[in-house]
Amino acid sequence: MMMNIAICDDDKNLRDTVESYILQYLMKNANDFKIKKYESGESLLKDIDDIDLVFLDYDFEDGGANGMIIARAIRQKKLDVTIIFLTSYTSIVYEAFEVAAFRFLVKPIDKKTLFTILDAYFNMMNEDKVIVIKKDGTNNYIKYSQISYIEADGKNSIIHYVNKKDVLNCSENLAKIEKMISNNSFFRCHKSFLVHMKYVDSFSRMGLKLQNGEEIIISRPKYRAFCEAFGEYIDRIG
C-alpha cells in the first residue's frame with residue numbers, strides 16, 4: 001500500500017532537510033511511498049484526504065494560520081492522519097495533546113531523533129490489526145485504526161468509522177466483537193459501547209468526548225477502570 005507523507009513548513013531549507021532524512025530512512029525501511037512538500041498549512045489542507053503522515057510546522061513565521069489551527073482543521077477532516085510537529089518550542093507538548101499529535105521534533109532537526117520517531121510510527125502501524133466482520137455473505141476487513149467506537153444494537157452491533165459518516169451494521173453482538181478485538185487500545189466503557197481510546201478527546205464522569213465531537217456515556221462502575229486504562233494507554237504511546 002502506498003504511504004503518502006507530507007512535509008509542511010514555510011522554511012524551504014528545513015523542508016528539504018526533513019525530506020532528505022525521511023528518504024534516507026525509507027530507502028532502508030519501506031518500498032512504496034510518496035513525499036510531497038507544502039509551504040503553508042492552507043495548501044496542505046487541500047490534499048489532506050490523501051495524506052497518511054504529516055510533518056507540520058508549529059509556527060509559520062511567513063504568515064498564514066499557525067500549526068495548531070491547521071492541526072485542528074486536519075482533525076475536523078481526517079482523524080486517522082498522523083501528525084508530527086516541527087517546532088522550536090518544547091512547551092507545545094500540552095497543546096499537541098489536544099490534536100492527538102504523535103510526536104514533535106525540535107528545530108534544528110536531529111536525524112537520529114527523526115529516525116527514532118519513524119521507528120515508533122512504523123511499530124504503531126505494524127500493530128494495526130484487522131477485524132473480519134461478515135455481513136450478507138461478504139467478509140468486511142476493518143483495520144482497528146478505522147474504528148472510532150462500536151455500539152450495541154440489541155443482539156447486533158453498529159461499527160462507527162473514524163472518517164466516515166457511514167456505519168456498518170452487523171449481526172455479531174458487542175460481547176463477541178470485544179473478544180475478537182485483542183487490543184488494549186479499546187475499552188468497554190458501558191454495556192452498550194466499546195470505544196477506541198485513540199480517538200478520545202476528553203472525558204468526565206458523565207461521559208467521553210471523541211475527537212469528531214461525538215459523545216459516549218460511561219457507566220459509573222467503569223469510570224475508575226477507564227481512568228487507569230486511559231492513563232496506561234497514554235503512557236504506552238508516549
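The values are calculated or read from the model by the stated rules, or taken from the named source; none is laboratory data. If you're wondering where the values come from, they're calculated on a predicted model, not measured in any experiment. Every residue, glycine among them, receives a Cβ derived from its backbone with ideal geometry; neighbour counts consider all protein chains shown.
Here are some notes:
- Residue match in region 213-230 (condition: touching a Lys or Arg at 6+ places or on another chain (Cβ under 6 Å), outside any strand (DSSP E or B), at pLDDT 95 or above and surrounded by 13 or more Cβ atoms within 10 Å (Cβ to Cβ)): yes
- Asn126 modelled with pLDDT under 90 and either touching a Leu at 6+ places or on another chain (Cβ under 7 Å) or over 25 Å from Asp49 (Cα atoms) (or both): no
- Looking at Arg205, Arg188, just one residue is in contact with a Lys or Arg (Cβ under 8 Å, 6 or more places away or on another chain), surrounded by 14 or more Cβ atoms within 10 Å (Cβ to Cβ) and free of Cβ contacts under 8 Å to residues at least 40 places away in the same chain, and that residue is Arg188.
- Number of positions in region 102-119 that are assigned to a helix (DSSP H, G or I) and touching a strand residue (DSSP E or B) at 6+ places or on another chain (Cβ under 7 Å): 3
- Close Cβ contacts (under 7 Å, 6 or more residues apart or on different chains) running from residues in region 104-128 that are assigned by TED's automatic domain parsing to the domain that holds Met197 to residues that are surrounded by 16 or more Cβ atoms within 10 Å (Cβ to Cβ) and aliphatic (A, V, I, L, M) are absent.
- Some residue of region 24-35 being modelled with pLDDT of 90 or more and over 23 Å from the mean Cα position of the chain (by Cα): yes
- Subset of region 6-37 [surrounded by fewer than 16 Cβ atoms within 10 Å (Cβ to Cβ), closer than 12 Å to Leu53 by Cβ and of a type in the set (Gly, Ala, Ser)]: Ala30
- Of all residues making up region 161-201, the number that are over 26 Å from Arg236 (Cα atoms), out of contact with any helix residue (DSSP H, G or I) (no Cβ under 9 Å at 6 or more places or on another chain) and not charged (D, E, K, R): 5
- Counting the residues of region 39-76 that are surrounded by 20 or more Cβ atoms within 10 Å (Cβ to Cβ), more than 21 Å from Leu118 (Cα to Cα) and in contact with a helix residue (DSSP H, G or I) (Cβ under 6 Å, 6 or more places away or on another chain) gives 2.
- Checked against the criteria, Asn139 counts as surrounded by fewer than 12 Cβ atoms within 10 Å (Cβ to Cβ) and either part of a loop (DSSP other than H, G, I, E, B) or not assigned by TED's automatic domain parsing to the domain that holds Tyr21 (or both).
- Flag for Lys179 being in a helix (DSSP H, G or I) and surrounded by fewer than 17 Cβ atoms within 10 Å (Cβ to Cβ): yes
- Qualifying residue in region 198-212 (condition: closer than 18 Å to Ile131 by Cβ and not in a strand (DSSP E or B)): yes
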